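Below you'll find the structure, written out as structure tokens, and then a few comments.
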């Protein structure tokens, strides 16, 4: 009985995962084309980061749908996501300030 009641959640989770992967690929392609057409310095990296962010988000939705909600429920999810965002911001701030300065310089020159 419990196994039969669990099957719709698994099917829904797999459908969400498949559509999420397709959406991630579609969005990454759009971002790559837009970044390439506007001469941004790292279009492939931007596309891959957007794809990764969507895949992570969809994976969390999938895990929640199939019943694995231990880490991703309520306040735990917010704390987990906030920690990741702060870690990425710190990594960018420490390692990417030269790249950001160069990119902002290019944007400043193109705006004039």
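The values are calculated or read from the model by the stated rules, or taken from the named source; none is laboratory data. Model, not experiment: these values are computed from the prediction. Neighbour counts are summed over all protein chains in view; Cβ atoms, including those assigned to glycine, are modelled from backbone coordinates with ideal geometry.
Quick notes on this structure:
- Residue that is farthest from residue 33 (Cα to Cα) [pool: residues in the stretch 62-101 that are exposed (fewer than 14 other Cβ atoms within 10 Å of the Cβ) and touching a helix residue (DSSP H, G or I) at 6+ places or on another chain (Cβ under 7 Å)]: 67
- So residue 29, is it in contact with a helix residue (DSSP H, G or I) (Cβ under 8 Å, 6 or more places away or on another chain), surrounded by fewer than 16 Cβ atoms within 10 Å (Cβ to Cβ), touching a residue at least 40 places away in the same chain (Cβ under 8 Å) and not assigned by TED's automatic domain parsing to the domain that holds residue 101: no
- Annotation: residue 4 fulfils all but one of (1) in contact with a helix residue (DSSP H, G or I) (Cβ under 6 Å, 6 or more places away or on another chain); (2) over 30 Å from residue 108 (Cβ atoms); the unmet one is (1).
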